[in-house]
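These notes concern the structure reproduced below.
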Amino acid sequence: MSRYRNTPVLKDKDGNRYYQPTIIKNIPIKDSDIFVYPFDGDRLDILAQRYYNDSTLWWIIAKANEISDGKMGVSAEERLRIPTEISDLIQ
């Protein structure tokens, strides 16, 4: 499953190709979401691999938890929300 499968490809004035940015405003809380305390040393990509079997979906966990500082590391003391119904986000 590719994150960019349905993302339009654009070209700049020099002919360089790039993906059109997709802005996801928020990920609403659902009853199916799970809440976890990460293990010491966990990162967003490790959590995405654990829960989605795809490390490239780390951005879903970051967005759901309003993590925007660019850091992949997470605190073992911080409870994180893991959205489980993500098919609408990755299409």
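Could you point to the residue in I23, G41, S55 farthest towards the positive end of the chain's charge dipole, with +1 and -1 charges on the Cβ of Lys/Arg and Asp/Glu respectively?
I23
With +1 on the Cβ of every Lys and Arg and -1 on the Cβ of every Asp and Glu, and nothing else charged, how large is the dipole of the chain about its Cα centre, in debye rounded to the nearest 20?
Dipole size: approximately 440 debye.
Roll a 1.4 angstrom probe over the protein heavy atoms and tell me the percent of accessible area of the chain that is carbon or sulfur.
C and S atoms contribute 48 percent here.
Within segment 9-91, report the trypsin sites (Lys or Arg not before Pro) that DSSP leaves as loop and that have at most 15 other Cβ atoms within 10 Å.
Here the sparse-neighbourhood loop sites are K13, K25, K30, K71, R79.
Go ahead and estimate [θ] at 222 nm for the chain from helices alone: -39,500 (n - 2.57) per DSSP H run with n ≥ 4, summed, over the residue count, rounded to 500.
Rounded to the nearest 500, the figure is -4500 deg cm²/dmol.
With r as the distance between the Cβ atoms of N16 and R50 and R0 = 41 Å, compute the FRET efficiency 1/(1 + (r/R0)^6) and round to 0.05.
In this case the efficiency is close to 0.70.
Take every Cα-Cα pair in the chain and report what % of them are more than 19 Å apart.
Tail of the P(r) past 19 Å holds 44 percent of the pairs.
Using 0.36 nm per residue, how much length does the chain from S75 to I29 gain when fully extended, once their Cα-Cα distance is taken away?
That works out to 14.4 nm of additional length.
The values are calculated or read from the model by the stated rules, or taken from the named source; none is laboratory data. Treat the numbers as computed from the prediction; the structure is a model and nothing was measured. Ideal geometry is used to build each Cβ from the backbone, glycine not excepted, and the neighbour counts take in all protein chains shown. SASA here: full protein model, heavy atoms, side chains in, ligands and nucleic acids out. Shrake-Rupley method; radii C 1.70, N 1.55, O 1.52, S 1.80 Å.
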